[in-house]
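Presented below is the structure to which this report refers.
The values are calculated or read from the model by the stated rules, or taken from the named source; none is laboratory data. Worth saying up front: this structure is predicted, and the values here are computed from it rather than measured. Note that we place each Cβ from the backbone using ideal geometry, even for glycine, and neighbour counts take in every protein chain shown.
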């Protein structure tokens, strides 16, 4: 497995691979990898071609009072997991390799990014779209794999690729849960034991709502999920049921529903969702 640290080396290697007729499958991550990330690498491996995993804690998607400085990092463990699951390349640049001094060019999606997480994290998706564009350019990816836990992010990336005619196919992989059904997240390590127990209320409420989630039951599902999380001590950022492909309000004609949650337990903000298609 190759470990590449500089943007110039990554792009040079990627262009060589593409010139040799290789397909490149990218798994973008911020590191501190867990079983959810491993599942993305496994899916990338099944796509065939060269699997590249990027490990980069992107500073431009963090707000001024967010957890950039304390975001968990464990590069040795990350490399071990990547090797175990068959990655061919780990691209792990420093911020200066991605953002030049005086950087002033951004990629902005202006519809899907406005609600949900975008409401309380107004610069987040600008940073995400910009860094993903850079990673696509540097790795020359033909396929990229994202997880559905970050459902809004995946929709934004798919829209960006469509709108900007990027020659990258986006694969959205299933959400992975821990044994107690809490959605896997690098930030779960922030939770105390009591907060972890309380945080189970998110997935329990979502999974209980899922079997009967329809346009006519969406409002009741939102109210029930909200009440369950608040009863467990969670502070709600949002609980919303939206059309899953557009993030518009649910209507009688909606063919899919994303029931999405962001909530705080202690100092930790967690997101989760269920997706129902019918």
(request) Go through (1) over 17 Å from the mean Cα position of the chain (by Cα); (2) in a helix (DSSP H, G or I); (3) under 28 Å from residue 47 (Cβ atoms) one by one and return the number of the condition residue 160 breaks. (result) (1)
(message) Just to check your reading of the model, which residue among 46, 13 is surrounded by fewer than 19 Cβ atoms within 10 Å (Cβ to Cβ) and farther than 16 Å from residue 128 by Cα?
(response) 46
(message) If I ask for residues that are outside any helix (DSSP H, G or I) and under 13 Å from residue 273 (Cβ atoms), which ones from the range 185-207 would you list?
(response) 185
(request) Answer with yes or no whether residue 146 is buried (at least 20 other Cβ atoms within 10 Å of the Cβ) and touching a helix residue (DSSP H, G or I) at 6+ places or on another chain (Cβ under 6 Å). (result) yes
(request) Would you point out which residue out of 92, 96 is more than 22 Å from residue 142 (Cβ to Cβ) and assigned by TED's automatic domain parsing to the domain that holds residue 164? (result) 96
(request) Read through the list (1) over 30 Å from residue 73 (Cβ atoms); (2) buried (at least 18 other Cβ atoms within 10 Å of the Cβ); (3) in contact with a strand residue (DSSP E or B) (Cβ under 7 Å, 6 or more places away or on another chain), then give the number of the only condition that residue 234 fails. (result) (1)
(request) Residue by residue through the range 238-274, note down the ones that are in a strand (DSSP E or B), surrounded by fewer than 18 Cβ atoms within 10 Å (Cβ to Cβ) and either on the phi > 0 side of the Ramachandran plot or touching a residue at least 12 places away in the same chain (Cβ under 8 Å) (or both). (result) 238, 256, 264
